[in-house]
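Following: one structure in structure tokens, then a few remarks.
The values are calculated or read from the model by the stated rules, or taken from the named source; none is laboratory data. What you see is a predicted model, and the numbers here were worked out from it, not measured in a lab. Here the Cβ positions follow ideal geometry from the backbone for every residue, glycine too, while neighbour counts run over all protein chains shown. For accessibility, only protein heavy atoms count, side chains too; no ligands or nucleic acids. Shrake-Rupley method; radii C 1.70, N 1.55, O 1.52, S 1.80 Å.
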Amino acid sequence: GVYVYEQATSVGVPAVAESGIPFVIGAAPVQSAANPAKVGEPTLCTSYEEAEAKLGFSEDWQSYNLCEFMFSHFKLFESQPVIFVNLLDPATMKEAVSATDLDVADRKVELPLETIDDATLVVKPAGGTGTAYVKDTDYAVYYSGGNCYVEVLADGGAFTASQLNVAYNKVKPSTVTTNSVAMGMESIERCLGNLGIVPDLICAPGYSHDTTVAAIMAAKAGGINGMFKAKALVDISTKEGGGATEY
């Protein structure tokens, strides 16, 4: 058949910054990324498309703070580059979801974006009995529009099924805490050696209201690699009595 893909109209070429380069640390839905960046390592991105390919994207900015900055910097302000550090590790920060019968609609089963597409994603006939279906033979898995989909393939054994029994692991963004961010801040020291760039702005949206995180950000801003100065952009909690920032 014929398939048509529409590409979003470009709004303009992002302005390249030689100073004021942000270093942003936190969580991203890297389990959905086409070319996942290494967890905990500085990742240079020069466009929204590149950032989405390396980190994934979700509109759930409360869980994935890096996506908020990604949208703001590339889409709203049309600037680049940005150095991201994702601390969400799908290999360890996860939980199991028990096998459940799910309806097939339009040849697809819809799963949450948190679904991890690995060996733990097991698809069987309804009821969970029988032999498991084979990935890329009976079904395919892909991420789109804030969800993960299991799509049955025309030549596979699951094509006529009205329900599928699916078990999987899913990431837990909540496991990236203020303590994780505080400890991960040390990765700013690797920007020069790994990327050849020293960031000027230190950001941790959703976490920097914490006094420990803010203190470490300020300490790092005083001397990256022992010689370069930066500015720590610290948030103020909008929640009465402090605590997690509300959006």
Practice problem: Give the number of residues within region 142-175 that are loosely packed, with under 14 Cβ neighbours inside 10 Å and in contact with a Leu (Cβ under 7 Å, 6 or more places away or on another chain). | Solution: 2
Practice problem: Quick one: count up the residues across region 176-200 that are more than 17 Å from LYS38 (Cα to Cα), open to solvent by less than 50 Å² (accessible area, probe 1.4 Å) and among the hydroxyl-bearing types (Ser, Thr, Tyr). | Solution: 1
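Quick one: is GLY20 touching a residue at least 40 places away in the same chain (Cβ under 8 Å), over 30 Å from LYS124 (Cβ atoms), more than 20 Å from the chain's Cα centre (by Cα) and part of a loop (DSSP other than H, G, I, E, B)?
yes
Regarding region 123-137, can at least one residue be identified that is in a loop (DSSP other than H, G, I, E, B), open to solvent by less than 20 Å² (accessible area, probe 1.4 Å) and without any contact (Cβ under 8 Å) to a residue 60 or more places away in the chain? Before the answer, list the steps.
Narrowing region 123-137 to residues in a loop (DSSP other than H, G, I, E, B): 126-134, 136-137.
If we keep only those that are open to solvent by less than 20 Å² (accessible area, probe 1.4 Å) too, we end up with none.
Checking region 123-137: not a single residue is in a loop (DSSP other than H, G, I, E, B), open to solvent by less than 20 Å² (accessible area, probe 1.4 Å) and without any contact (Cβ under 8 Å) to a residue 60 or more places away in the chain.
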Quiz item: Do we find that ILE83 is in contact with a helix residue (DSSP H, G or I) (Cβ under 8 Å, 6 or more places away or on another chain), more than 15 Å from LYS172 (Cα to Cα) and either surrounded by fewer than 17 Cβ atoms within 10 Å (Cβ to Cβ) or not small (Gly, Ala, Ser) (or both) in this structure?
Solution: yes
